[in-house]
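Colleague: Encoded as structure tokens, here's the structure I'll be asking about.
The values are calculated or read from the model by the stated rules, or taken from the named source; none is laboratory data. Only a predicted model underlies this, so the values are computations on that prediction, with no experimental measurement involved. Neighbour counts run over all protein chains shown; Cβ positions are idealised from the backbone, glycine included. Each accessible area value is taken on the protein alone, full model and side chains, heavy atoms only, with ligands, DNA and RNA left out. Shrake-Rupley method; radii C 1.70, N 1.55, O 1.52, S 1.80 Å.
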Amino acid sequence: MRRFIRTLVGPRGAPVTSLICLIVFGALGAFATQIAHDDDLLAFLPEGHTDVLAFREINERFGGLEVGVVGYAVDDALAPSELARLRELTQALDKRPEVGYALSLTNVQDVAPDPAGGIQRRLLVPADGIERSELQTRIAARPLIHGELVSHDFKAYALYVFAPPGSDPRTFAKVVREVAESKVNSDELRLYGAPFISSYIYETTQEDLRRLTPWAVALVVLLVIIAFRDLWGALLALVAPALGAGGALGAMALAGVPSNLVLSSMPVILFSVGSAYGIHVLARYYSVVAESGNPSEAMQETLIEVGPTVIAAGLTTIAGLLSFLAMDMAPLRTFGLFTALGLLFSLILSLTFVPAVACTLKLRVRPRGPSLVSRATADVVASVMARPAMMRVVLVAVFVFGAALAARVDARMDPKSFFADGSPPAQGEAFFAEHFGGATYLQVELTADFQQPENLHMIAELSDRMSAVSGVVSVRHVAEVVAEVNKALQGSKRVPDTAAQIRSAYGFLAGQRSVEQLVTADRQTVALMVKLGPLTLDQMDVTLREIEGRVAEATSGHWVVRRGVQALGARVRRAVAAIEAQGIRPNAEQRAELRALAAKDATPDPKVVEAYVLKFLNSEEGLVDLSEHPELRAQVAHAAVSGDKLQDRLLSLVPVDGLDGEDQQTVAEDLALSLEAPISEGSRQARVRSRSKELQGTLPTLTNAAAEQVAYIFEASALLDLGPPKEPASSLSARVSGLPVLHRALSESARNNQLSSLAVAMGLVLFVLSLRFGSLGLGFLATAPTALTLAVVYGGMGALGIHLDLGTSMLASLIIGAGVDYAVHLVAAERASTAENTMLDATRKTAPAVWTNALVVAAGFALLTTGEARPLQNVAGLTAAALLVAALTTFVTVAAWPRAKKRTQPVVALSEERP
Amino acid sequence: MMSLAALALCIAAPADGQAHLQKVDEAINRWTDQFFSYEMIDHQPGKSPRTLGLEVHMLGEKRFTQFTAPAEMKGTRILILSPTRMYVYLPAYKKVRRVASHVSAQGLMGTAYASDDLAVETYSDLYTAKLKSQDDTNLVLDLVAKKGATVPYPQIEMTVEKKRYLPKKFVYKDTDGSLMKTERRGAYKCVGDICAPTKMQMEDHRRPGHKTQLLNKKWKPNSGLKPSLFTKRTLQKGL
């Protein structure tokens, strides 16, 4: 070893060593320019977690992650000028290739009954204008639009902008913002949704790091120079982490591993932590060279004395960072691995390049007396040593109290922790909460055959049940859309009766992007979009649990529509859910009446049916044109509700010589064929109207629309009962997803990552230190201050209500890695001391370096808290505080447990006070 | 002298273009009635191709269309008597419904083709054409919508086969010249002097990767289709 060290820093070897290090790490660093960057924030999602897999699959299927929401307030959303501006904005967005599709009030397609008879496919808001009252009526009748694309008070618009599959969210967000700002004043514009939020987080963090990292590094350099009082030595010590960082990034480029958001903080960590190794080497070297006078010999002695301790300190930090490998997020593993590699490079350079250059340049400094910080720390240590038993009790109490408070730290991924109040996402969130009730969505994915009416009824029931959950603003689902189409085709807004009719209704919806968010092309999977209002984390938990409970009920099988008593119960239960979704809670008596009403068949009023048939005959849709025969029309309508043998009755009504060139028989046949569907539809409507009236007698608070809806439920379930038994639930599966579920998964992951990385880091550190000091006891002693620091920091988090999240889950490893160094140096110095009071001697020798390093690291990280990025603020602020706590606890803890001196080898403190 | 020649060419060009366009109209409208059986294959990024089958009978401006695939559309029939009179028969509802469509520029059944794309039969009455370029086999015409004309595309760059005046490619553009769609018509099949493309494709540039192929599986021009086919009775009862 001595020979190797002599070769390394000998008079002839030192320049060669310096040159080799520069060439090797310079060349490796040159590759750093080729490093790729991974902007994907979704890469931070924990791998293999069921909820995350579901989130990815559901969003891939329905495109939820690719939607940006653009909103702005207006004085009057129905004003033609505002609609024209909205249309221009929608079209401008639609034209951009970076945008897949823009959905706004101005391009919503609508299938509706035509006042002139028949149906019309139209734009809900026609470009050529429409009466304001008519427009308001149209919109108000569509819950999927009113409150979603335009606020209920018509004071704000929302545009849903879909990104093309696989597009870059940052490019997409940038383009949408640019286009939107070209039409709407940027002060009025509010942007929300995953692409905007992820872009904001990425860009602010990157911008903060880009802006603050040079300042943080400069601050570190300045503090090191001030503390070290040696410009060239300080700069030399800082070259090691600089080359180390370049080498690590170069290695990443060579390995084809892209950089990520967290890795952007690597330079600050390496400069803060990695500079300590060279400083420790140089500090001891200056002391030795002041006595021996020969730089080469002084450096050789220095490396033999402090080398093992510097290596141990470096390895503990590396171990702390390698504990990131136990995490389930690839970017954090990459961060841990390559920051550890950068530190390893810094460590190697601190023990090769730094000594070699110092020898080559023959660096030396003027000896100085004990510093103020040495004296102050020694006073504290002396005070502790004067009453060790009491201090132990105090320290144990602090640890226990801190641990108890730390137990209160819950892993909660609060979306608000990602952006500050007043930031664009926060403004967007507030805007959509104020005007649209909220902008947070849960997606309930159901898999079954959604061409079957019973399954669409099940969706409607689930929707009603979820609507009654506190915190739920609205539920969008495909059964509602199909019912809208059915209204146009059959005259009533309800789920069609047969699978064939449902397939036809789907045919009308083909290609509509807004519908593709709700049902897959094969109609086997649907997503119910549950909009949540602004909720606290606790409220969100409760709402999420309740919704999951409702979904579990839906899949448990007891919602299956069956014959007999079960069907009756199901009918009443379904009706109650629909009524409760309107905010009305029927009492026991009313429920009994509902049950009685559900049990009996409704009697259609023939006059209602006749009026319906007459309306049909007045339209252009009949096969026979009776426009010139009003009397015959009325007779035919009356005959339609007068019993069996319709065609015979019609034959008796049609003139003997037929009509419009067609013979009597043909005309009668055509009329009978035409009237088949209208009679059936008219009868249904009449039954519904009859039931609806009775319902309003039972529940006077029911609106007409709600009463009709319940009446349709009774009718539909009665019809379904008549068919063969259905078994939708046997093939039904359900998953609840969305950002709240994802945040829960991230919280679980943060907790698990914290525990696993903590266990790995502490285990590795204990192993390294026990090995270094040749004693498990000393290993524990050197580890104890870090454990106490963790208890204090996490206890503080518990007391202040700071949650464990993605950023703060990295804390433990960083604290262990950086903080344990102090104990390593103090214990090593104490063991090496030959003074009468070894502890005080070791304290005086190590205090300047320990406090300098703690201040340097704390200052570097503290500067990062001045940025806009919230995740960076949390982790940087807590790390800065933790390092100062770690320095203090190191001296106090080690002093509280004085040991009988056992010298195994002549070890010298590596961080003696400055000469 | 050269400048004068260029000026003369410029002045002459629009008239030439319009004459060429009229010849195109004449070449593609030589039929009295037609029957097509189409397979329509829609491709969208990230999705499996979707196939629609349809049979179209045409007599003048009247059209009778019957869907043969997919299952959810099978049996659905559409009767167009004029641009403003359209009826649909949905077998599941057993009812003829009149449909007033105000969204004809939107994709037909979610495909890259819009209803308007299939409805335009003549161009010279809607567009002013200018000869952009030509070589031995093709002409390229720049079409700009006439003032007041209701058209789905304000500008079209039309490539025409010089010999038969059959259009091969349409580049549809917005008012500002931005690309909207590109349509290709090829593999023309002719019966006498009546020709029809057997392969067509529409690509929607506003939906990157979205394109629809229209394959003409069967074609019969001038087979004597009867007016009684184009009635609500046939629509309800079927062919």
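Colleague: Mind checking A:500-508 for the average number of partner chain beta-carbons within 10 Å of each residue's beta-carbon? Walk me through the numbers before you get to the answer.
Modeller: Details: counts 9, 5, 2, 9, 9, 4, 2, 11, 5.
Average per residue, whole number: 6.
Colleague: Within a 10 angstrom radius of each residue's Cβ in B:206-212, how many Cβ atoms of other chains show up on average? Whole number is fine.
Modeller: Average neighbour count from other chains, rounded to a whole number: 4.
Colleague: For region B:18-145, report the translational diffusion coefficient in µm²/s to the nearest whole number, using Stokes-Einstein at 37 °C, 0.692 mPa s, and a Kirkwood Rh over Cα pairs.
Modeller: Translational diffusion coefficient: 193 µm²/s.
Colleague: I would also like to ask the following. Just the number, please: Stokes-Einstein D of region A:349-508 in µm²/s, Kirkwood Rh from C-alpha pairs, 10 °C, 1.306 mPa s.
Modeller: The Stokes-Einstein estimate is 65 µm²/s.
Colleague: While we're here: State which stretch of chain A is the longest one without any exposed trypsin sites (Lys or Arg not before Pro), exposure meaning a DSSP loop state and at most 14 other Cβ atoms within 10 Å.
Modeller: It runs A:646-900.
Colleague: Here's something else I'd like to know. Length gain on complete extension for the stretch A:Asp75 to A:Arg375, per 0.36 nm per residue less the alpha carbon to alpha carbon distance?
Modeller: 101.0 nm
Colleague: 5 Å is the cut-off here: which amide hydrogens, built 1.01 Å from N in the peptide plane, fall below it relative to A:Gly738, excluding neighbours closer than 5 in sequence?
Modeller: Excluding prolines and chain starts, which carry no amide H, the hits are A:Gln443.
Colleague: Hey, what's the per residue convex hull volume over the C-alpha atoms of the protein assembly as shown, in cubic angstrom?
Modeller: Residue-normalised Cα hull volume stands at 226 Å³.
Colleague: Further question on the same structure: Would you kindly compute the Cα radius of gyration of region A:740-876 and its largest Cα-Cα separation (Dmax), both in Å?
Modeller: Answer for region A:740-876, Rg first and Dmax second: 17.4, 62 Å.
Colleague: Which of the residue pairs B:Lys130/B:Lys218; B:Lys173/B:Lys237; B:Lys47/B:Lys181 have a Cα-Cα distance greater than 31 Å in the structure shown?
Modeller: Pairs exceeding the cut-off: B:Lys130/B:Lys218; B:Lys173/B:Lys237.
Colleague: What percent of all Cα-Cα pairs in region A:393-452 falls in each 5 Å bin, counting up from 0?
Modeller: With a bin width of 5 Å, the distribution comes to 4, 12, 11, 12, 9, 9, 11, 11, 8, 6, 3, 1, 1, 1, 0.
Colleague: Once the Cα gyration tensor of chain B is found, what semi-axes does its equivalent ellipsoid get, as square roots of 5 times the eigenvalues, in whole Å, sorted largest first?
Modeller: 34, 20, 17
Colleague: Expressed in whole Å with the largest first, what are the equivalent ellipsoid semi-axes of region A:14-136 derived from the C-alpha gyration tensor as the square root of 5 times each eigenvalue?
Modeller: Those come to 56, 21, 12 Å.
Colleague: With a cut-off of at most 12 other beta carbons within 10 Å, and DSSP calling the residue loop, which GluC sites (Glu not before Pro) in region A:265-340 qualify? Please list them.
Modeller: none
Colleague: Using a 1.4 angstrom probe with every protein chain in place, what is the largest-first accessible-area order of A:Leu363, A:Leu270, A:Leu325?
Modeller: A:Leu325, A:Leu363, A:Leu270
Colleague: When all C-alpha to C-alpha distances in region A:193-261 are sorted into bins of 5 Å, what percent of pairs does each bin hold, rounded to whole numbers?
Modeller: Values per bin, smallest distances first: 3, 14, 14, 17, 17, 14, 10, 6, 3, 1, 0.
Colleague: Sticking with this one: Per residue, what accessible area does the protein assembly as shown have, given a 1.4 Å probe and all protein chains present, in Å²?
Modeller: 41 Å²
Colleague: How long are the three semi-axes of the equivalent ellipsoid for region A:663-721, computed from the Cα gyration tensor as the root of 5 times each eigenvalue, in whole Å, largest first?
Modeller: Working: eigenvalues 227, 28, 9 Å².
Whole-Å semi-axes of the equivalent ellipsoid: 34, 12, 7.
Colleague: Of all the accessible heavy-atom surface of chain A, with the other protein chains kept in place and a 1.4 Å probe, what percent is carbon and sulfur?
Modeller: Working: 20850 of 35520 Å².
Reported share for carbon and sulfur atoms: 59 percent.
Colleague: What are the residues of region A:466-494 that lose 50 Å² or more of accessible area, with a 1.4 Å probe, going from their chain alone to all protein chains?
Modeller: Flagged in region A:466-494: A:Leu489.
Colleague: Name the GluC sites (Glu not before Pro) in region A:98-161 that are in a loop by DSSP and that have at most 13 other C-beta atoms within 10 Å, would you? Let's see the in-between values first.
Modeller: Details: sites: A:Glu98, A:Glu131, A:Glu134, A:Glu148; in loops: A:Glu98, A:Glu131, A:Glu148.
When the GluC sites (Glu not before Pro) of region A:98-161 are filtered for loop state and at most 13 Cβ neighbours within 10 Å, A:Glu131 remain.
Colleague: Between A:Glu631 and B:Ala149, how high is the FRET efficiency from 1/(1 + (r/R0)^6) when r is the Cβ-Cβ distance and R₀ = 51 Å? Nearest 0.05. Each step should come with its number before you reach the end.
Modeller: Values: r = 46 Å, r/R0 = 0.89.
In this case the efficiency is close to 0.65.
Colleague: Using only Cα atoms, what Kirkwood radius does region A:802-900 have, in angstroms? Display every interim value, and only then the final one.
Modeller: On the way: mean 1/r = 0.0694 Å⁻¹.
Result for region A:802-900 stands at 14.4 Å.
Colleague: Taking N as the number of residues in region A:449-498, what value does Rg over Cα atoms divided by 2.2 N^0.38 Å take?
Modeller: Here the answer is 1.19, to two decimals.
Colleague: Please report the relative contact order for chain A, taking Cα pairs under 8 Å with a sequence separation of at least 6, and give it as a percent rounded to a whole number.
Modeller: 19 percent
Colleague: Going out from 0 in 10 Å bins, what whole percent of all Cα-Cα distances in region A:230-338 drops into each bin?
Modeller: 14, 37, 28, 15, 5, 0
Colleague: Which longest uninterrupted range of chain B lacks any trypsin sites (Lys or Arg not before Pro) assigned by DSSP to a loop state (not H, G, I, E or B) and surrounded by at most 10 other Cβ atoms within 10 Å?
Modeller: Segment B:1-146 is the longest.
Colleague: Using r as the Cβ-Cβ distance of A:Leu776 and A:Ser733, and R0 as 56 Å, what FRET efficiency do you calculate, to the nearest 0.05?
Modeller: It comes out at approximately 0.60.
Colleague: For region B:89-170, what is the per residue volume of the convex hull drawn over the alpha-carbon atoms, in cubic angstrom?
Modeller: 131 Å³
Colleague: Apply 1/(1 + (r/R0)^6) to the Cβ-Cβ distance of B:Cys190 and A:Glu676, taking R0 = 51 Å, and write down the FRET efficiency to the nearest 0.05.
Modeller: In this case the efficiency is close to 0.65.
Colleague: Going 7 Å from the Cα of A:Arg751 along its beta-carbon direction, which residues of region A:525-548 have the amide nitrogen within less than 15 Å of the resulting point?
Modeller: A:538, A:541-542, A:545
Colleague: Distance in nm between label sites at A:Glu47 and A:Lys645, each 7 Å beyond Cα in the beta-carbon direction?
Modeller: The modelled label-to-label distance comes out at 7.9 nm.
Colleague: Region A:466-624: Rg/Rh from Cα coordinates, Kirkwood Rh?
Modeller: My calculation of the ratio gives 1.02.
Colleague: DSSP loop (so not H, G, I, E, B), at most 13 other Cβ within 10 Å: list which GluC sites (Glu not before Pro) in region B:86-172 pass both filters.
Modeller: Values: sites: B:Glu121, B:Glu157, B:Glu161; in loops: B:Glu121.
Filter output for region B:86-172: B:Glu121.
Colleague: Give the long-range amide H neighbours of A:Tyr101: residues separated by 5 or more places, or on another chain, with amide H under 5 Å away, using H modelled in the peptide plane at 1.01 Å from N.
Modeller: Close amide H contacts, sequence-distant or interchain: A:Phe162.
Colleague: For A:Ala397 and A:Gln665, calculate 0.36 nm times their separation in residues minus their Cα-Cα distance, and state this gained length in nm to one decimal.
Modeller: Between A:Ala397 and A:Gln665, full extension yields 86.2 nm more.
Colleague: While we're on this one: Taking every pair of alpha-carbon atoms in region A:9-81, give the share separated by more than 15 Å as a whole percent. Please list the in-between numbers first.
Modeller: Details: 2047 of 2628 pairs.
Summing the P(r) of region A:9-81 above 15 Å gives 78 percent of all pairs.
Colleague: Another question about this same structure. What Kirkwood hydrodynamic radius, in Å, does region A:554-685 give when the mean of 1/r is taken over all pairs of distinct Cα atoms and then inverted?
Modeller: That comes to 17.7 Å for region A:554-685.
Colleague: Return the distance in nm (one decimal) between the two label points of a simple spin-label model at A:Ile20 and A:Ala330, each offset 7 Å from Cα along Cα→Cβ.
Modeller: According to this spin-label approximation, the distance is 3.7 nm.
Colleague: May I pose another question? For the pair A:Glu291 and A:Arg545, how long in nm is the line joining their label points, each one 7 Å along Cα→Cβ?
Modeller: 6.7 nm
Colleague: To continue, here is another question. Show log10 I(q)/I(0) for region A:632-688 at q = 0.16, 0.22, 0.28 Å⁻¹, two decimals, from a solvent-free Debye sum over equal Cα scatterers.
Modeller: The computed values of log10 I(q)/I(0) come out as -0.47, -0.81, -1.16.
Colleague: Here is a follow-up. Give me a single rounded figure for B:84-93: the average over its residues of other chain Cβ atoms within 10 Å of their Cβ.
Modeller: That average works out to 5.
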